[in-house]
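Notes for the one structure printed next.
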Amino acid sequence: MEQIGHVSYKDFLIWADSWLRSESKKWRGRVNIVRKKRNIIEHFDIENTFGTKQEVIDHSIEYGRMIIDGKIPGSLIKDT
């Protein structure tokens, strides 16, 4: 699994983990979100597969922004 650089959004840092599935040759990903003032990292798996690593990165960052904005039902950032 490879971590991709951090993106700052509001009071959070977002980054993606990506990996290539050997059997399908498709890329998978995970969004990682941390509140800048705390060291609590939350992970959100991406259900989709992608043809390239860049697609994983782009989708993960946008998905992370949507989670932070409360636009993904069931995927909330804990406020602890």
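Please verify whether segment 68-78 includes one or more residues that are part of a loop (DSSP other than H, G, I, E, B) and in contact with a Lys or Arg (Cβ under 8 Å, 6 or more places away or on another chain).
Yes, that holds for at least one residue.
So which of 23, 42 ends up being under 14 Å from the mean Cα position of the chain (by Cα) and more than 14 Å from residue 7 (Cα to Cα)? Outline the logic, then answer.
Working: 23 fails: under 14 Å from the mean Cα position of the chain (by Cα).
From the options 23, 42, the qualifying one is 42.
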- Note on the structure: Selection from segment 47-59 of residues out of contact with any Phe, Trp or Tyr (no Cβ under 6 Å at 6 or more places or on another chain), within 17 Å of residue 6 (Cβ to Cβ) and either among the hydroxyl-bearing types (Ser, Thr, Tyr) or surrounded by 16 or more Cβ atoms within 10 Å (Cβ to Cβ) (or both) yields 57, 59
- Item | Subset of segment 13-41 (residues that are under 18 Å from residue 72 (Cα atoms), modelled with pLDDT of 90 or more and not basic (Lys, Arg)) | 13, 14, 15, 16, 29, 31, 32, 33, 34
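The values are calculated or read from the model by the stated rules, or taken from the named source; none is laboratory data. The structure presented is a predicted model; accordingly, all values stated were derived computationally and were not measured. As a convention, Cβ positions derive from the backbone with ideal geometry for all residues, glycine included, and neighbour counts pool all protein chains shown.
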